[in-house]
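Q: Provided herewith is a single structure, encoded as structure tokens, for subsequent inquiry.
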Amino acid sequence: MEETTSLVERYREDGFVVVDGLLPQAIVDQARHGVSRHHAGERDVELPNGLGYLDWRPGDPPGIRVNDYVSLQNEDVHTLVAFPQLAAMAAVLSESPNIRLFHDQIIYKDPAVAIHSAEVTEIGFHTDRAYWQTCSSDQMLTAWVPLTPCSEETGALSFVRGSHRWPGNDNLANFFAPAHGAALREVIAPSGVVPEVVTLELEPGQVSFHHCRTIHGSAPNRSQAARCAITVHFQDAANDYVLPPPGRHSVHVNDLLSRKRLDGTPDYADTFVSPILFEGTAAEAVQLIGLDSA
């Protein structure tokens with residue numbers, strides 16, 4: 001595994017980084033089994049209905065299957081999401097003394113043979129920050145965990161290198177509006193920067209981490225195999241609920257699931273919805289992961 005300094009420097013510069021050897025194969029296999037159970041309709045814990053979270057069920061149209069908050073409903077997926085080394089790596093990259101869960105998702109792209117057009121499995125270029133308008137921190141980050149081989153043909157994740165340092169991308173919410181070129185031109189027009197798009201071909205067991213302001217998306221799955229990944233969105237210690245910017249009505253499902261504080265605002269440290277997944281010093285995080293701290 002690479003030394004800490006190299007990973008952190010690359011994350012700061014590029015807005016994303018790939019970490020090898022972080023997850024044992026058994027954890028990945030267990031999570032894959034959990035996804036199969038979840039897609040079959042099994043739930044270990046039932047969350048309240050009608051809160052607006054995405055929850056693909058058998059009988060729903062094929063294409064992109066998105067299931068939110070799966071770690072709160074499925075023990076097999078929870079084991080991966082709560083794996084200590086995953087959150088410890090997030091702590092190292094965000095330089096935070098603790099890491100809390102914010103949200104997790106299964107994102108599953110059906111194979112091309114199962115759908116009328118592969119284009120429906122494209123995910124538009126967006127930033128996670130655009131969907132987190134009620135979060136105070138700009139240092140939140142996401143772990144993207146492939147459960148199947150992810151190549152350009154299957155619709156692997158693509159990042160715009162260094163875009164987390166660009167102005168004007170906090171409202172880029174094009175997840176379900178995949179106009180890749182138009183979205184990028186819109187973002188970079190003021191500065192005239194030519195975007196460098198990097199596609200990551202990853203195998204199960206590898207993990208990519210990206211900054212909440214990094215622009216990313218993925219092409220359609222044109223292969224004969226499904227593409228499946230779990231995204232784990234992390235809060236750094238500084239994050240708290242804030243009112244959305246003036247003129248924007250923004251409610252995250254966390255606001256509805258989380259307990260309320262005395263002032264009526266949602267508690268983003270709710271121990272059920274947003275448990276602490278790592279807490280400790282930077283040295284302890286590095287030791288837990290097994291990184292070289294040089």
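FYI, it's all coordinate maths here, none of it is from the lab. Keep in mind the model is a prediction, meaning the values are calculated, not measured.
Q: What length, rounded to one decimal in nm, is gained on full extension from Asp29 through to Arg10, with 0.36 nm per residue of separation minus their alpha-carbon distance? Let's see the in-between values first.
A: Values: separation 19, 0.36 × 19 = 6.84 nm, distance 2.89 nm.
Length difference between fully extended and current span is 3.9 nm.
Q: Then there is this: Which of these values of Cα extents along the principal axes in Å was calculated from the structure shown: (1) 50, 48, 46; (2) 64, 54, 29; (3) 102, 37, 31?
A: It is the one labelled (1).
Q: Sticking with this one: How far, in nm, would the chain grow between Val198 and Arg37 when pulled straight, counting 0.36 nm per residue and subtracting the alpha carbon separation?
A: On the way: separation 161, 0.36 × 161 = 57.96 nm, distance 3.28 nm.
Extra length from Val198 to Arg37 when fully extended: 54.7 nm.
Q: Tell me, what is the percent relative contact order of the chain, built from C-alpha pairs under 8 Å that lie six or more residues apart?
A: 31 percent
Q: If I stretch the segment between Leu262 and Ala173 completely, what's the gain in nm (0.36 nm per residue apart, minus their alpha carbon distance), one decimal?
A: Taking Leu262 through Ala173 to full extension adds about 28.9 nm, to one decimal.
Q: Then there is this: Using modelled amide H (1.01 Å from N, peptide plane; none on Pro or chain starts), what sits under 5 Å from the amide H of Leu54, excluding residues fewer than 5 places away?
A: Excluding prolines and chain starts, which carry no amide H, the hits are Asp68.
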